[in-house]
Structures are given as structure tokens and as C-alpha cells.
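Structure first, then comments.
What follows is calculated from the coordinates using simple rules that are stated; it is not laboratory data. Every value quoted in this text rests on a predicted model; they were computed, and no experiment measured them. FYI the Cβ positions are ideal-geometry reconstructions off the backbone, even for glycines, and counts take in every protein chain you see.
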Amino acid sequence: MKTKFIFLSFALLFFYAEVLYSQNLSIELSSIWVKGYDILQKDTIIYYPKLIITYRNNSDTNFYFKKVSESRSGLPFFRYGTLLQYPIEEYLNPNYLKRAKAHGNYTNENYKVEIKAVSFTNSWFLFNDTLNIEEEQEIDIVNDDLADIYEYIYRENYNKQPNYFEQAKIDFSEFDLTPDKILNEYSNKFIFLKAGEIYTDSYNLIGFQMIKGSFMFYISIDSLTDYIYTTPIWDNNQSKYVETKTMLPKLVGEYKLYSGKFNTNKITITF
């Protein structure tokens, strides 16, 4: 197999905006560039970035809390905004490669990437930096493009079956959030840090490289709450399902619940 080397020109910009709150915990963002294969041209070697999230317990207390971000084999999750952007036959017999190739080009566009922990599966959320995230907005199509790219990567390299629409479980129930279940059954969705410990996750950003643009990654400062959103319930007054909150246990094994402020930073990567 012939191997082609492609050296991409890119601008990689970092800036840090430290949020000086409690010193007990910090969640830090950084990035590295790694060598791998182009997902659309398997005989082409490229360099692409990974986002590194480092959790650091700076205290003398053992803490646990919900992960701010999850992944499937190092691939981030994204929200779909337009569930019917494909004809019905495309859902019955989906062509994931075709979807991945159909992404837009966002060169010269600037997006913020919010990473936030509040539910069973935490999705990254992209919005144009000209929008006010506090106001209700339609989900930008860039989220769909990234969701399609990463769905193809996952199916091609890690699993041929499950996708975003086929997950058996999409919400916590209030009965899931007991100390025993958090420590055993759902431990992969939480961070457990003993005093002074550090834990690191990494996320493949090749999808961002494919669609181009400038992306500012940040962790929402209200991510670490003392509750989790659980299965929505029907509200007759509002005629819709509404999210419900379930409080997290104050103690799980030898770990105390951490909620509130933490030190963090932002990082911008431009392609």
C-alpha cells in the first residue's frame, strides 16, 4: 500500500483565561498533535490535534463529580439539530461515509465549543460566537456535520452497530444515582480523585480539522452541580416533557461530592 504524507498548514492559537475561584479543583484544557491516517483516504498519513482535559485535585480531600465530557473510544459526542435532514430511506439504510463526506466548510467562521456536565451523556455544543447562548437558539448545522463525521469514524473503526439513535439508555433515573451504582455501575461517567490526584482524558479533533474554522473550547463554569438531570417527565401545564433534577449523594465510598467553582481555562484552535 502506497503511503502519501501530507503536511497541512495550520494556525494553532492558544490563550488562557484563568477563572480564579476555589483552588480545590482545576479542570485544564490543552492540546497535542499526533500522527494518524486520514479517515477518508486510508493510505494518507496526516497530523491532527487532540484535546486534553486534565482534572486536578489540589486539596487534601477525596472528591467525586460528574465528568464534564464523555467519549466513545476517544471520540466526542455532538447534538443533532435537524433530525430529518436526510430522506427516510437514508435512515432505513444509512450511508455513514456519504454523510461524513457531506460536511460543510467553515473556513473564516468562529465558533465556541461549550463542554458541560449535566446529564447522562454530555454532548459538546457549538454555536457561532456572534450568538448569545443564554437565549434559546436553533442548533447550528455545524453540530450535525461533526456528529456525522464522528459517527462514521466510530462505526468504521470501533463498532459496527450502535449509533446516537440506538443507545439503549439515554438518561439517568433517580434510582441510578445511589452511592453503590455510581461507584460500580456508572463509574465511567464520574471522576474519582483522591487528594492530590490527577486524571486525564483525550479527544480526537480530526472532525474539526476536516470542517475548518476557528474553535474556542471551554468548560461551562456551572458544570459541577450537586444534581443531575434525570428522565424527563410530562408536564400537563406546559404540554411538554420537562427535565427533572435528582440530587447526587454527598458521599460515595471514600469520596465527597464536589460541586461549585473550579479553576479552568479556554483554548482556541484555528484551521
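Of note:
- Extension gain for the segment E197 to K261, taken as residue separation times 0.36 nm less the Cα-Cα distance, is 21.2 nm to one decimal.
- Gained length - Y186 relative to S220, 0.36 nm times residue gap less alpha-carbon distance: 10.0 nm
- Sorting K169, K266, K194 by the number of Cβ atoms found within 10 Å of their own Cβ, with the fewest placed first, yields K169, K194, K266.
- Across all directions, the average flat footprint of the convex hull enclosing the Cα atoms of region 148-269 is 10.9 nm².
- Residues whose placed amide H lies under 5 Å from that of N62, excluding near-sequence neighbours: A195, K256
- Taking 0.36 nm per residue of separation and subtracting the Cα-Cα distance, full extension of the segment from S239 to E254 would add 1.1 nm.
- Working from label points 7 Å from Cα in the Cα-to-Cβ sense, the Q41 to E138 distance is 3.4 nm.
- With semi-axes defined as the square roots of five times the eigenvalues of the C-alpha gyration tensor, the equivalent ellipsoid of region 192-242 measures 32, 24, 10 Å, largest first.
- Packing here is the average count of other Cβ atoms within 10 Å per residue, and on that basis the peptides 250-260, 226-236, 49-59, highest first, run 49-59, 250-260, 226-236.
- Nonlocal amide H pairs with L248, under 5 Å, H built at 1.01 Å: Y227, I228
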